[in-house]
Amino acid sequence: MNYAKALKIILEGGVVALPTETVYGLAGDATSNLAVSKIYEVKQRPKTNPLIIHVSSIEDALQYGYFSECALRLAEKFWPGPLTLVVNKKLSPLSLEATAGLDTIAIRVSAHPMLLSLIKESKKPLAAPSANIYTKLSPTTAYHVEEGFEGKVPVLDGGASVCGLESTILDCTEEITILRHGFITSEILASFLETSFLERTNSSKAPGGNKLHYSPETTLRINAESCGPDEFAINFGDSNLNSPYQLNLSIKGDLTEAASNLYNIMHEADVISKHKKLKVIAVAKIPYRGIGIAINDKLERGSYGAESE
Ligand code: TXA
Ligand code: MG
């Protein structure tokens with residue numbers, strides 16, 4: 001599907017998959033109840049789990065939420081970019097379902113030029129969760145989306161997502177709290193704010209803090225120190241899980257590169273494992289620092305219920 005078609009579908013209250021710098025999103029007009037309902041339906045996501053609203057500028061964001069001084073500073077520093085801010089919601093034409101009836105709203109300005117143009121040209125805020133079926137692996141290419149939705153959703157191809165991990169989500173309604181680790185690390189945020197801040201301690205404020213999430217179909221075993229020949233191996237740096245089937249998140253041990261490769265490699269590992277009838281994808285230990293924290297969070301949720309070493 002080309003850009004003009006995507007614009008037309010959005011204006012007609014339809015749903016399209018489109019690129020962002022983090023992962024592909026499943027987008028529709030956030031002011032249209034019809035479009036928002038379709039998003040939940042296609043994604044098979046419970047309607048109690050609200051969507052992120054994508055706008056093209058801070059000015060637009062201010063129409064939908066009350067930004068504290070700190071929230072505004074964060075927006076000025078990191079937008080456009082992979083940061084989502086949760087703020088108190090203003091009365092606005094947004095569909096109530098998009099925010100699951102909450103008093104707060106999760107909002108971000110993406111850095112992807114195609115998405116920014118679509119928002120500007122349609123003059124619509126776009127509700128967009130990641131373009132995967134609920135709890136499945138997130139998509140970082142148009143191909144992943146095609147596969148995940150079995151060709152049933154039109155996809156605007158904007159190349160592979162550069163960050164490869166979802167946006168970091170910060171609750172700015174009271175004390176700044178990380179609700180979801182993502183591409184912008186806690187170290188970067190803490191040094192910018194010149195303060196420490198809270199980490200989420202329970203999931204009550206992040207309706208999507210599901211334990212099982214980002215999950216391939218093949219069982220995922222994390223923190224693996226060895227693996228059998230019947231397992232797919234995902235290495236990092238010089239880890240040496242040995243299998244006839246293996247990939248490396250970053251041969252040079254670079255965590256940012258590993259983040260950007262994560263979902264693509266998991267998709268590939270899943271496809272090969274299914275094809276070769278391997279029962280398990282074993283992933284080497286990923287260092288628990290910087291963006292490694294977000295990577296570990298995704299892997300832990302993806303492996304929820306499976307045993308790890
Ligand atoms: O990088 C991203 O953020 C991608 C791209 C497409 O922008 N989007 C994304 O959306 O990851 P989604 O729906 O897959 O994840 C958004 C998370 C969900 O866990 C949801 O529960 C949470 O944000 N969320 C949305 N509104 C919220 C709110 N008002 N308060 C707390 N959490 C909220
Ligand atoms: Mg998601």
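The values are calculated or read from the model by the stated rules, or taken from the named source; none is laboratory data. Not measured: the values here are computed from a predicted model. In this analysis, Cβ positions are derived from the backbone assuming ideal geometry, glycine residues included, and neighbour counts consider all displayed protein chains. What goes into the accessible areas is simple: the full protein's heavy atoms, side chains included, and nothing from ligands, DNA or RNA. Shrake-Rupley method; radii C 1.70, N 1.55, O 1.52, S 1.80 Å.
For the reader, a short list of remarks on this structure follows.
- To put it simply, the accessible area of the chain at a 1.4 Å probe is 52 percent carbon and sulfur.
- Nearby lysines by direct alpha-carbon distance to K8 (threshold 27 angstrom, same-chain neighbours under 8 apart not counted): K38, K43, K47, K120, K123, K124, K152
- Here r is the Cβ-Cβ distance between C70 and K211 and R0 is 35 Å; the resulting FRET efficiency, rounded to 0.05, is 0.70.
- Set of aspartates and glutamates with alpha-carbon distance to K277 below 18 Å, sequence-local pairs under 8 removed: E217, D230, E231, E268
- Rounded to the nearest 20, the Cβ-based charge dipole of the chain about its Cα centre (Lys and Arg +1, Asp and Glu -1) stands at 660 debye.
- Modelled spin labels at E225 and L96, positioned 7 Å past Cα toward Cβ, are 5.5 nm from each other.
- Inter-label distance, I251 to K152: 4.0 nm, where each label sits 7 Å from its Cα along the C-beta direction.
- Each Lys and Arg adds +1 at its Cβ and each Asp and Glu adds -1 at its Cβ; summed about the Cα centre, segment 1-79 shows a dipole of about 340 debye.
- Spatial separation of Cα centroids for segment 87-101 and segment 247-279, in angstrom: 37
- Placing a pseudo-label 7 Å from each Cα along the Cα-to-Cβ vector at L34 and E194 gives an inter-label distance of 5.2 nm.
- The residues of the chain expose on average 44 square angstrom of accessible surface per residue, using a 1.4 Å probe on protein heavy atoms.
- Listed by chain and number, the aspartates and glutamates whose C-alpha is less than 13 Å from the C-alpha of K285, apart from same-chain residues fewer than 8 away, are E225, D238, D297, E300, E309.
- Ordering of 267-280, 125-138 by packing is 125-138, 267-280, highest average first (other Cβ atoms within 10 Å, averaged per residue).
- Calculated FRET value between K279 and N49, using beta carbons and R₀ = 30 Å, to 0.05: 0.50
- Sequence ranges 140-146, 158-164, ranked by mean other-Cβ count within 10 angstrom, highest first: 140-146, 158-164
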